[in-house]
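Here is the structure we will look at.
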Amino acid sequence: MNQHHESTGPAAAQQITLRGPAELADALPYLMGFHPDDSVVMVALHGGRGRFGGRLRLGIPRSPQEWEPVSEQLAECLIKGSERRGERPDAIVVFLCQDPAEGESGGRLMERLRPLAQHLRRACGALDVPVLEALCISDGRYWSYCCPDERCCPAEGSHLAMPGTSVMAAAATYAGIQVRGSLREMEARFAPLTTSAVPGQQQALDVAGAELLPRLLDEEERGGVARDTLDLARRLVERLGGAPAATPSLSDLNDDRLISSDEAAAMILGLQDRETRDRVAEWMEGPKADAALRLWRALSRRCVTPYEEHAAAPLTLAGWVSWSTGDEPAARVALGLALRVDPEYTFAQLLHEACNQGLDPETLRRCLRGERKARTRRRGHRPERGTRFRAARPTAARRKKDPSVSARPGAAAARRRSGRAVPGPLASGEEG
């Protein structure tokens, strides 16, 4: 491969030229902010010198039968998304990253994934954007699916550069950019608990569901649940914010100890209401943001079986706060997990696409600030929500079930496919 690619670099005023597969493979963790194990990564290139643009990541589908349709979807998402920003890619670089299975060599894994690389190349080519390079990264080596030159891309693969020894590593260090471990390690901070606390959390979720579901489905009572949830969230954020600083792993353990099973269950069920979720999404900046992020991570870990799907709300909130505070790698991880547990969660879809397209979160921050100011102006001039429903609807109508909320495991995705929408500052374009 004799092309060279120039990125805008870790700092806006700095440019880094990457030449050949070796430097591209070494640059991948710095482009993503982590080591993307078990992933397809696609990066758009713009201009004659290949400036890095939009990028996306998806877990490698387990079934080869999925590879062709997934490749077409990924190519369309990256290329059309770039076009919407006014910059159609001139080329694309593809990375396939996966550890070998037990008894499998890196070379055999590379050959096993070759059809996926071919599907991705054809899908991009069908949209008139060539794949300039496709690399497989596995077991400390890399292989090129595009370069036929054995001198730079031998059949047995080439060793990756030692960490911290490349030009990209030097530039990233100078700019203060760090690679925070592997994708697997970052995802583990959101994974459901597997400790002895799981049965107690399951029981707390069952009890909270039995108590809160009738209130959430009653328009008169629903406002009271929202107020209770917001009050509890404020207390928990204050509690977490007052805890001593610690390393990430110790911080997660401490946060889990600071939140009881009953408190976590009440929060998880309360966040299934969109308006409540949108209200706490306003805690996206300033001193409250860090504690809020810790709360959303902790609640994600409390969504144990069979309540995993309920994690879509706290995972999306964690992704939003991370993106809002400038941590795009963590935002992509959290939002990707939200879509994994509930692919139809539209709030996560919208944020994930916006983050991957490199949009500025300030637009949404301004919207949320405006909602907060408008609500403050309205306070004292309008009746509380529960009173408004009592005045407008007879008792029989008030008891009508609302599919926009549910405490039952597995019901969250069904309610979003029901076609019913709930008003809220972030509900625009969401299905009910």
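The values are calculated or read from the model by the stated rules, or taken from the named source; none is laboratory data. Predicted, not measured: the structure shown is a model, and the values here were computed from it. All Cβ positions, even for glycine, are placed from backbone atoms using ideal geometry, and neighbour counts span all protein chains on display. Just so you know, the surface numbers come from the protein's heavy atoms only, side chains and all, with ligands and any DNA or RNA stripped out. Shrake-Rupley method; radii C 1.70, N 1.55, O 1.52, S 1.80 Å.
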Criterion violated by Leu28 - all others in (1) surrounded by 20 or more Cβ atoms within 10 Å (Cβ to Cβ); (2) touching a Lys or Arg at 6+ places or on another chain (Cβ under 6 Å) satisfied: (2)
Matching residues in region 217-237 - criterion: being in a helix (DSSP H, G or I) and either more than 18 Å from Pro314 (Cα to Cα) or free of Cβ contacts under 8 Å to residues at least 12 places away in the same chain (or both): Glu219, Glu220, Glu221, Arg222, Gly223, Gly224, Arg227, Asp231, Arg234, Arg235
Asp256 of a type outside the set (A, V, I, L, M, F, W, C) and touching a residue at least 40 places away in the same chain (Cβ under 8 Å): yes
Qualifying residue in region 243-256 (condition: at pLDDT 95 or above, part of a helix (DSSP H, G or I) and polar (S, T, N, Q)): no
Verdict on Ser105 being surrounded by 13 or more Cβ atoms within 10 Å (Cβ to Cβ), among the small types (Gly, Ala, Ser) and modelled with pLDDT under 90: no
Count of region 74-102 residues which are surrounded by fewer than 17 Cβ atoms within 10 Å (Cβ to Cβ), closer than 16 Å to Ala126 by Cα and touching a residue at least 40 places away in the same chain (Cβ under 8 Å): 2
Residue ranges of helices (runs of 4 or more DSSP H) in region 267-334 with at least 3 members within 11 Å of the chain's Cα centre (by Cα): 312-324
Conditions (1) in a helix (DSSP H, G or I); (2) touching a residue at least 24 places away in the same chain (Cβ under 8 Å): number failed by Pro214: (2)
Gly81 within 24 Å of the chain's Cα centre (by Cα), small (Gly, Ala, Ser) and over 16 Å from Asp37 (Cα atoms): yes
Selection count where residues are out of contact with any Pro (no Cβ under 8 Å at 6 or more places or on another chain) and surrounded by fewer than 19 Cβ atoms within 10 Å (Cβ to Cβ), scope region 108-122: 5
Some residue of region 272-289 being under 18 Å from Ala191 (Cβ atoms) and either touching a residue at least 24 places away in the same chain (Cβ under 8 Å) or open to solvent by less than 30 Å² (accessible area, probe 1.4 Å) (or both): no
